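Student: What follows is a structure written as structure tokens; I'll ask about it next.
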Amino acid sequence: MEKATFAAGCFWGVEAEFRRVPGVIGTAVGYMGGAFENPTYRDVCSGTTGHAEVVQVEYDPSQVSYDALLALFWSIHDPTTLNRQGPDLGAQYRSAIFFHDADQQAAALASKRMLGLSGKYQQPIVTEMTPASTFYRAEEYHQQYLKKQAQSRCTV
């Protein structure tokens with residue numbers, strides 16, 4: 001099993017999308033990329049910790065490739081909006097790929113470059129590429145939140 005970590009706005013909807021993928025063994029929502037230890041949801045929402053809301057994906061590479069996970073990541077959010085996805089505003093909602101090794105870094109950079117060259121977006125892609133750091137699991141009520149609410153997608 002391998003891990004991949006993505007930030008693409010509110011983690012509830014991002015988690016639900018990754019859970020649908022065959023070969024994804026598990027997901028957890030949480031926080032990464034900040035300088036504050038053991039942040040809570042309230043801490044992260046304050047905008048003072050530097051963390052992003054992330055989804056950590058555990059997957060079986062014999063069933064789903066990292067490139068396939070990257071393709072899904074790019075398709076479920078707007079990577080050209082800085083610190084914002086839909087109605088969610090703040091650095092905690094930034095677009096980011098937290099890579100776990102050199103292979104993931106190379107694949108993420110290549111996919112970002114190819115997407116930029118594709119002409120799909122008029123604005124530059126602002127997705128952050130950062131080495132994975134400590135993952136802080138979010139409070140239990142956030143885990144598989146949409147499933148608990150009997151919703152398949154976030155609604156605004």
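Read the figures in this text as sums done on the coordinates, not as results from a lab. Keep in mind that what you see is a predicted model, and the values were worked out from it rather than measured. When we count neighbours, we look across all protein chains shown, and the Cβ atoms used for this are built from the backbone with ideal geometry, even at glycine.
Student: How high is the relative contact order of the chain, in percent, with contacts defined as C-alpha pairs under 8 Å that are six or more residues apart? Can you show the working numbers first?
Tutor: Values: 297 pairs, mean separation 51.3, N = 156.
With pairs under 8 Å counted, the relative contact order is 33 percent.
Student: Amide H of residue 80: which non-local residues (sequence gap of 5 or more, or other chain) have their own amide H closer than 5 Å, using H built in the peptide plane?
Tutor: 126
Student: Moving to a separate point now. With the dipole of the range 1-140 worked out from charges on the C-beta (+1 for Lys and Arg, -1 for Asp and Glu) around the Cα centre, which of 9, 25, 41 lies farthest toward the positive end?
Tutor: Ranked along the dipole, the leading option is 9.
Student: Roughly speaking, what is the centre-to-centre gap between the range 60-101 and the range 121-136 when only Cα atoms are used, to the nearest Å?
Tutor: Spelled out, the Cα-based centre of one part sits 7 Å from the other.
Student: Near residue 3, which lysines are there with a Cα under 25 Å away, not counting those fewer than 8 places off in the same chain?
Tutor: 112, 147, 148
Student: Ranking request for peptides 120-129, 94-103, 7-16: highest mean number of other beta-carbon atoms within 10 Å first, then the rest in descending order. Each step should come with its number before you reach the end.
Tutor: Numbers: 120-129: 13.1, 94-103: 18.8, 7-16: 24.0.
My ranking of the peptides, most packed first, is 7-16, 94-103, 120-129.
Student: Given the rule -39500 (n - 2.57) for each run of at least 4 DSSP H residues, summed and divided by the residues of the chain, what is its mean residue ellipticity at 222 nm, to the nearest 500 deg cm²/dmol?
Tutor: Working: 5 runs with 44 residues, N = 156.
About -8000 deg cm²/dmol.
Student: Ok, one more. Along the range 27-41, what does the Karplus equation 6.51 cos²θ - 1.76 cosθ + 1.60 (θ = phi - 60°) give for ³J(HN,Hα), rounded to whole Hz, x for Gly and Pro?
Tutor: 9, 8, 9, x, 10, 8, x, x, 10, 10, 7, 6, x, 9, 4
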